[in-house]
Amino acid sequence: MEFKDYYKVMGVARDATEAQIKQAYRKLARKYHPDVSKEPNAEARFKEVGEAYEVLRSAEKRAAYDRLGSGPRPGDDFRPPPDWGSGFEFSGAGPGAGEASGDYSDFFEALFGRAASGRAAEGRAAGGRNRRGVDAGRGEDHHAKVLLDLDATLAGGARTFTLRVPEIDAEGHVIAKERVLNVQVPKGILPGQTIRLAGQGAPPHGEGKSGDLYIEVEFQPHPLYRIEGRDLYLDLPVAPWEAALGAAVKSPTPTGTVELKIPPGSHAGSKLRLKGRGIPSSPPGDFYVVLQIALPPAKDEKAEAAYRAFASAMPFNPRTGLGV
Amino acid sequence: MTSFDECLPGEIFEEGAVLSVADLAYLFAVEERHIVALAEEGVITALEIDTTQWRFSGADIRRARIALRLERDLGINLPGVALALELLEELEPLRRERRGRP
């Protein structure tokens, strides 16, 4: 198990005041909140910071933690939990990240156990609220989050999700169990939408139905295409003469290579739209090609001569707009 | 435990979804007045304001989810959450644009 230096995680001194710790937490939480941050590993960092705060904000837990001294060096016996920060399935509080029951490191749980965590307990209690009368006995809904590849929404198809589910073992300890689900991803699902798997949540309390499993979907960045809502964008490099004179050029699209007509007089940033070739939701998104002018390098005498001929044939000051 | 060869049919929850205040409250495990407050702040928009029974579309699910997370995790009040959401929505295309550039 890895020893965690919570003071280091929070970037505060070991004698920091409560106010300093709270301030550090707020600052880090804003920086790494998964809904706000674009930092790599934001979600994992956010959870780590949340865990550190959970300990340091409470006088009792902090005192217990401090008694460990500086312990083994941080990172000793380093063994990151599998899938840290992704694919975690939990019950109750829908909004997700950070406070799910069972979202703490082994280190935290070894020290404080799971019942000690006030926030996780809150999450469970909240989950039981608002149960509608007709659904008495119905199992709780579970929530999870996954990263999908763009192809999954373009074509639909089966994907395997590995989720971690908190379970209570025979001795009453909460353990994270892996659950592998093979899911038919619905074609046309958009980032931020949710896949619902009916009956895959918690088992019923006595008679009744199982809860549902809600999987929130985000997309991995695609090497070629940018996703904007249901539309896809591609930056397509063209030669200066193709843009100026017009040309037919090949372009990749999610459904295969197409021949595109570049209109004469196009410039960098010109947008061409291929209707209905975006994400196949209803209505389907569009596919946009954004032209980028690529300059051939003047890498030999012949090319240099061509550029000189170009310059003398076409006196051109690209900086007239700047008044120089 | 689900066996490997079994393939669960997924449905897009938001598509065609029409949810009441109680549905959203249940989904996010918060009190109904919390959802009402989100609507009053304009974070989510009821389909028809005039009726006594508010209904929300699937598109509001994501906004409500993010709003509730920001409120809870960052300790910001509702007007702050609404502002953060608007700024995030403005920022989103700019970040995407930049990511696409070398």
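The values are calculated or read from the model by the stated rules, or taken from the named source; none is laboratory data. Note that the structure is predicted; figures quoted are calculated from it, not measured. Ideal geometry is used to build each Cβ from the backbone, glycine not excepted, and the neighbour counts take in all protein chains shown. All accessible areas refer to the heavy atoms of the entire protein, side chains included, with ligands and DNA or RNA removed. Shrake-Rupley method; radii C 1.70, N 1.55, O 1.52, S 1.80 Å.
Of note:
- Scanning the stretch A:236-259 for residues that are surrounded by fewer than 16 Cβ atoms within 10 Å (Cβ to Cβ), under 30 Å from the mean Cα position of the chain (by Cα) and not small (Gly, Ala, Ser) yields A:PRO237, A:PRO252, A:THR255, A:THR257.
- Residue in the stretch A:185-198 that is more than 10 Å from every other protein chain (Cβ to nearest Cβ), of a type outside the set (A, V, I, L, M, F, W, C) and under 19 Å from A:ASP141 (Cβ atoms) present: no
- A:ILE262 fulfils the conditions (1) away from chain B (no Cβ under 12 Å); (2) touching a residue at least 12 places away in the same chain (Cβ under 8 Å); (3) surrounded by fewer than 20 Cβ atoms within 10 Å (Cβ to Cβ) except for a single criterion, (3).
- Subset of the stretch A:165-198 (residues that are open to solvent by less than 30 Å² (accessible area, probe 1.4 Å), more than 25 Å from B:GLU89 (Cβ to Cβ) and of a type outside the set (Val, Ile, Thr)): A:LEU181, A:ASN182, A:LEU197
Okay, residues lined up against (1) at pLDDT 95 or above; (2) exposed (fewer than 11 other Cβ atoms within 10 Å of the Cβ); (3) basic (Lys, Arg):
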site	(1), (2), (3)
A:GLY285	no, no, no
A:TYR288	yes, no, no
A:ALA311	no, yes, no
A:MET314	no, yes, no
A:ASN317	no, yes, no
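- As for the stretch A:218-226, it holds at least one residue that is touching a Leu at 6+ places or on another chain (Cβ under 9 Å), more than 9 Å from every other protein chain (Cβ to nearest Cβ) and within 16 Å of B:GLY10 (Cβ to Cβ).
- Lone qualifier among A:ILE195, A:ILE175 - being more than 20 Å from B:GLU15 (Cα to Cα), in a strand (DSSP E or B) and without any contact (Cβ under 8 Å) to a residue 40 or more places away in the chain: A:ILE175
- Condition check for A:LEU147: within 21 Å of B:LEU27 (Cβ to Cβ), out of contact with any Gly (no Cβ under 8 Å at 6 or more places or on another chain), part of a strand (DSSP E or B) and aliphatic (A, V, I, L, M): no
- When every residue of the stretch A:233-256 is checked against the conditions, at least one turns out to be within 14 Å of chain B (Cβ to nearest Cβ), assigned to a strand (DSSP E or B) and within 28 Å of B:GLU15 (Cβ to Cβ).
- Set side by side, the residues B:ARG63, B:ARG55, B:ARG69, B:ARG33 differ, and just one is buried (at least 17 other Cβ atoms within 10 Å of the Cβ), more than 8 Å from every other protein chain (Cβ to nearest Cβ) and among the basic types (Lys, Arg), which is B:ARG63.
- Single residue of B:GLU6, B:GLU86, B:GLU15 found to be among the charged types (D, E, K, R), farther than 23 Å from A:ASP212 by Cβ and either facing chain A (nearest Cβ under 7 Å) or under 14 Å from the mean Cα position of the chain (by Cα) (or both): B:GLU86
- Extreme residue, farthest from A:VAL289 (Cα to Cα), among residues of the stretch A:203-228 that are touching a Lys or Arg at 6+ places or on another chain (Cβ under 9 Å) and not in a strand (DSSP E or B): A:HIS205
- Any hit, the stretch A:128-137, residues being over 29 Å from A:PRO221 (Cα atoms), in contact with a Gly (Cβ under 6 Å, 6 or more places away or on another chain) and modelled with pLDDT of 70 or more: yes
- Residue match in the stretch B:92-99 (condition: in a helix (DSSP H, G or I), under 20 Å from B:VAL18 (Cβ atoms) and within 11 Å of chain A (Cβ to nearest Cβ)): no
- Verdict on A:ARG277 being basic (Lys, Arg) and without any contact (Cβ under 8 Å) to a residue 40 or more places away in the chain: no
- Yes/no for A:ASP77 being surrounded by fewer than 20 Cβ atoms within 10 Å (Cβ to Cβ), modelled with pLDDT of 85 or more, over 16 Å from the mean Cα position of the chain (by Cα) and not hydrophobic (A, V, I, L, M, F, W, C): no
- Among the residues of the stretch A:199-227, those that are open to solvent by 40 Å² or more (accessible area, probe 1.4 Å) and closer than 21 Å to A:SER281 by Cβ comprise A:GLU218, A:GLN220, A:PRO221, A:HIS222, A:LEU224.
- Here A:GLU48 passes the criteria (1) more than 19 Å from A:ASP106 (Cβ to Cβ); (2) open to solvent by less than 70 Å² (accessible area, probe 1.4 Å); (3) away from every other protein chain (no Cβ under 12 Å) except the one numbered (1).
- Of residues in the stretch B:36-52 being open to solvent by 40 Å² or more (accessible area, probe 1.4 Å) and in contact (Cβ under 8 Å) with a residue 12 or more places away in the chain, the one farthest from B:ALA17 (Cα to Cα): B:GLU41
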